[in-house]
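Derivation of every value follows stated rules applied to the coordinates shown; laboratory data play no part. For clarity, every value in this text was computed on a predicted model and none was experimentally measured. So basically every Cβ, Gly included, is an ideal-geometry build from the backbone, and we count neighbours across all protein chains shown.
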Amino acid sequence: MLPLENITAFVLGTGADLPRDRLSRLDGYFTIGVNRIWRFGCTPAVSFWIDGGIYPERPWHFDRTLCVCDRSAKVRLEHIGLRMRPVPAAPRGKRRLPRYLNPNCLCHLPNTGVVAALWAVSLGCCPVVLLGMGCLDDGRSAGQLRAMRHALDDALAMDYRPSGACFPCLWQWGGDAGEFDENMHNHYVQPSDARRLTGRLREFFAHEPI
């Protein structure tokens, strides 16, 4: 039994298409904030990063959440540090994602939001809504932007879904406020007690070898 089976997760990337003025609507939902999400006034249920140096920039922000990171970037004993699983290169420069994801391993991809989303899928979350992850041009190098877009496309193309489900787990939303409101109103994404869920994760990883 996966610890968060059929729980809706919102992965909050820091891209330009993040609907910043709508984030308060996610109070009570299970949210995973990527990297420097604090810049948008958001305290997610889980803070997620894979680069060193993230935590020391704003420790008081991270101390209010459950911290999950690459084991090499782990800075405190209570943080859940997971090892990276290399993803081998495939033809035409694409990466070959595993069909079955392991919650104790992170897929090593050049897009932290995608790494977080796949981790959520590995925990049983469905759907996993991607916000602020449109990989819009934000001034970073063309090579990095291209790699991020490839990682996102590859993850969406894998069509992860629970057995017997009609729709894929990963669901990308744009940055339009109207689209956000319509999706929240018309689809069955039920709020959860984030404190209860993060406690469930702490218990799960306390018993699982990492």
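Looking only at the range 102-123, which residues have a backbone nitrogen under 17 Å from a spot 7 Å from the Cα of Q172 in the C-beta direction?
109-119, 121
With θ set to phi - 60°, apply the Karplus curve 6.51 cos²θ - 1.76 cosθ + 1.60 along the range 181-197 and write out the HN-Hα couplings as whole Hz, x wherever there is a Gly or Pro.
These are the phi-based 3J(HN,Hα) values: 4, 5, 5, 5, 7, 9, 10, 8, 10, 8, x, 10, 7, 4, 5, 5, 5 Hz.
Going by amide H atoms built from the backbone, whose H comes under 5 Å of the H on C67, apart from near neighbours?
S47, I80
Does the range 87-184 classify as rounded, prolate or oblate by the C-alpha gyration tensor (a ≥ b ≥ c root eigenvalues; a/c under 1.5 gives rounded; else a/b over b/c gives prolate, otherwise oblate)?
The shape class here is oblate.
Just to be sure I understand: of the beta bridges DSSP finds with both ends in the chain, what percent are antiparallel, rounded to 5?
On the way: 1 of 25 bridges.
In the chain, DSSP labels about 5 percent of beta bridges as antiparallel.
If I take R0 = 41 Å and measure r between the Cβ atoms of S24 and A142 in this structure, what FRET efficiency does the formula 1/(1 + (r/R0)^6) give, to the nearest 0.05? Could the numbers behind the result be given before it?
Numbers: r = 35 Å, r/R0 = 0.85.
That gives a FRET efficiency of 0.75.
Between D181 and R76, what is the label-point separation in nm under the 7 Å Cα-to-beta-carbon projection?
3.8 nm
Name the long-range amide H neighbours of F10: under 5 Å, sequence gap of 5 or more, or other chain; modelled H, no Pro or chain starts.
Close amide H contacts, sequence-distant or interchain: F30, T31, I32, V129.
Using the Karplus equation 6.51 cos²θ - 1.76 cosθ + 1.60 (θ = phi - 60°), what ³J(HN,Hα) coupling, rounded to whole Hz, does each residue of the range 107-117 give in order, writing x for Gly and Pro?
After applying 6.51 cos²θ - 1.76 cosθ + 1.60, I find 6, 7, 10, x, 8, 5, x, 5, 4, 5, 5 Hz.
Stretch R83-L156 to full length: gain in nm at 0.36 nm per residue minus the Cα-Cα span?
Details: separation 73, 0.36 × 73 = 26.28 nm, distance 2.27 nm.
Fully extending the segment from R83 to L156 adds 24.0 nm.
Does the chain classify as rounded, prolate or oblate by the C-alpha gyration tensor (a ≥ b ≥ c root eigenvalues; a/c under 1.5 gives rounded; else a/b over b/c gives prolate, otherwise oblate)? Walk me through the numbers before you get to the answer.
Numbers: a/c = 1.10, a/b = 1.01, b/c = 1.08.
Cα axes put the chain in the rounded bin.
Check L106: other-chain or 5+ apart residues with amide H under 5 Å from its amide H, H built from backbone geometry?
Close amide H contacts, sequence-distant or interchain: R83, M84, R85.
Hey, what number do you get for the chain at 222 nm if only DSSP H runs of n ≥ 4 count, each worth -39500 (n - 2.57), divided across all residues, to the nearest 500? Don't skip to the end; give the middle numbers.
On the way: 6 runs with 59 residues, N = 210.
Value at 222 nm, helices only: -8000 deg cm²/dmol.
Please list, in order along the range 130-143, the HN-Hα scalar couplings obtained from phi with the Karplus expression 6.51 cos²θ - 1.76 cosθ + 1.60 (θ = phi - 60°), rounded to whole Hz, x for Gly and Pro.
My calculation for the range 130-143 gives 9, 10, x, 10, x, 6, 6, 5, 10, x, 6, 4, 4, x Hz in order.
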